[in-house]
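As structure tokens, the structure follows; a few thoughts come after it.
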Ligand SMILES: Nc1ncnc2c1ncn2[C@@H]1O[C@H](COP(=O)(O)OP(=O)(O)O)[C@@H](O)[C@H]1O
Ligand SMILES: [Mg+2]
């Protein structure tokens with residue numbers, strides 16, 4: 001008992017020293033990041049508060065934020081952005097869990113499967129978006145293929161899947177990109193802990209559905225939630241995909257923010273930055289929550 | 001209520017069978033130890049009884065009914081694993097009540113039964129703790145409670161004490177024995193520790209290299225081993241042969257009665273445990289002379305190697321006065337000599 005405590009304290013001091021060491025090594029990089037990132041945020045914040053000396057605006061005011069928040073179009077954009085982020089995240093999460101379960105269930109450890117799973121991680125969103133455009137556009141590959149196969153009479157009958165009302169093109173890009181990310185996170189948890197606890201569940205007379213509901217879900221929940229939050233944060237704040245595959249109205253928040261920021265009218269700029277900051281706030285909140293959940297998942301593994 | 005019978009089981013993972021031709025019965029209310037060195041196939045057998053492995057041959061019967069077509073969740077057996085494997089997302093009471101919840105019992109009833117089993121297993125008051133907030137011994141007890149609360153026909157324990165330190169281990173042995181006596185649950189207890197098996201169980205079954213070599217009471221295995229391998233597993237070191245004449249085995253160390261050994265012309269082997277070998281400074285009745293070649297102090301006893309005409313003899317004695325080179329008389333008391341059935 002006593003030696004255990006000493007060992008524990010020892011390990012803790014060692015860990016603390018290690019942290020300090022790491023902090024020292026990372027300090028230069030951190031300083032640069034803080035300056036660029038923090039500085040950018042501060043400058044942005046100032047501009048959003050209407051401090052734009054170049055355009056003759058020097059009065060600090062929260063009016064831009066209020067204007068942004070009260071604009072009914074802002075709410076429409078927010079709604080669209082939430083729709084894109086939430087729908088793609090939820091669908092990707094469901095598919096990922098099913099995929100991860102299937103892979104563990106049939107104990108598929110083949111390198112090929114894992115390689116294929118990792119491919120989408122490496123392809124930039126922009127590339128996927130452009131490909132999707134070629135594939136799904138009204139006169140795109142899919143439309144022509146469907147027509148050639150006789151599924152539809154002419155390419156013109158192909159349903160509108162890009163720049164469409166339901167943002168289906170955008171969702172498809174995100175779902176394709178995010179499934180491997182979430183699936184690999186879930187897979188690693190399952191491979192570490194899932195099997196043994198499932199056997200415990202079986203010998204304690206839990207049926208297949210009960211094992212899923214009362215063992216697998218709780219086991220993967222923290223990691224799954226963390227992965228989903230990260231994906232949500234990304235899709236909430238990303239600009240290029242909705243810009244390419246979205247409609248001109250309503251615009252997603254990031255597109256709207258960019259448009260206002262880049263407007264020829266400098267007076268629109270604070271609004272653009274205000275939108276940017278609102279997005280940043282949501283994203284940072286989601287990431288902070290994800291980090292916390294990830295810690296929780298880690299501390300659980302330490303118990304076993 | 002539950003008895004377990006394994007009939008002609010063959011088990012394995014790859015092309016080679018790990019366990020062959022295993023037949024074993026555990027009676028209702030009995031505590032049976034499955035003893036064997038690491039890698040002998042003990043866990044494999046428990047996993048087959050629990051339903052995680054399908055036998056290649058043979059049957060598993062519980063209360064006389066074959067269960068080979070039932071998955072683990074439909075068998076009346078519960079297995080406790082080597083690691084406690086508590087669910088990290090549930091508190092202690094949640095873990096213990098897990099199986100009852102899966103059976104759809106109402107929460108009041110679950111709480112009542114969980115409280116009762118926590119009293120029995122010395123976990124009272126710890127129900128709201130997280131599983132990492134209790135000690136290793138308490139975690140093992142929680143794993144045991146989680147199984148016991150389901151009142152299985154047969155309880156399977158796979159070396160549940162092997163992760164605990166020596167003191168705690170001893171406490172837990174007595175504890176498990178006491179719980180088993182109180183609940184009278186039919187138990188198949190796996191261990192590689194012969195002391196543990198001998199002190200805890202009604203009967204012991206010794207598994208060597210995937211085959212059952214002997215099943216019997218602790219005394220039978222210890223004092224009447226079926227063959228030299230069994231004797232060796234329990235610390236036997238002295239093996240010698242002789243000739244049968246009129247129910248007596250004539251050897252270089254004397255003549256020993258061997259009522260259950262046939263006079264079939266072969267030369268039967270006999271053994272005597274090192275601690276049963278008697279030593280004396282002078283030759284006497286029935287003694288043979290020898291010379292000490294080596295001694296080793298082991299605390300409670302000293303192990304002595306003696307070269308005699310009939311071969312090397314190992315003795316374990318509380319006396320520490322013998323030294324290498326000394327000559328002494330060795331006596332094998334006839335009632336301590338075990339002649340193996342030829
Ligand atoms: N999952 C497995 N796959 C292949 N071989 C295994 C597996 N589990 C155990 N074995 C082999 O089966 C033999 C018996 O193992 P096990 O039943 O775990 O022994 P014990 O519990 O007595 O130590 C060992 O030789 C081991 O290597
Ligand atoms: Mg084992």
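Some observations on this one:
- Against the rule of thumb 2.2 N^0.38 Å, how large the Cα Rg of the protein assembly as shown comes out: 1.43
- Spherically averaged projected area of the convex hull of Cα atoms, the range A:65-303: 16.6 nm².
- Three-way shape label, the range B:22-87, alpha-carbon gyration tensor, a/c 1.5: rounded
- Computed over the range B:136-273, the P(r) curve from all C-alpha pair distances, binned at 10 Å from the origin, holds 10, 33, 26, 15, 12, 4 percent per bin.
- Between helix B:136-148 and chain B: long-axis angle, C-alpha atoms, 0 to 90°, nearest 10: 70 degrees
- Cα gyration tensor, chain B - rounded (a/c under 1.5), prolate or oblate: prolate
- Helix axis angle, B:107-120 relative to chain B longest principal axis, alpha carbon, degrees: 20 degrees
- Shape call, the range B:35-192: gyration tensor on alpha carbons, a/c limit 1.5: oblate
- Working note: 222 nm ellipticity from helices only, DSSP H runs with n ≥ 4, each -39,500 (n - 2.57), summed and divided by the residues of the protein assembly as shown, gives -15000 deg cm²/dmol to the nearest 500.
- Selected from B:89, B:52, B:332 as most flexible by GNM, with chain B as the system and alpha-carbon contacts under 10 Å: B:89
Read the figures in this text as sums done on the coordinates, not as results from a lab. Just so it is clear, the structure is predicted and the values come from calculations on it, not from any experiment.
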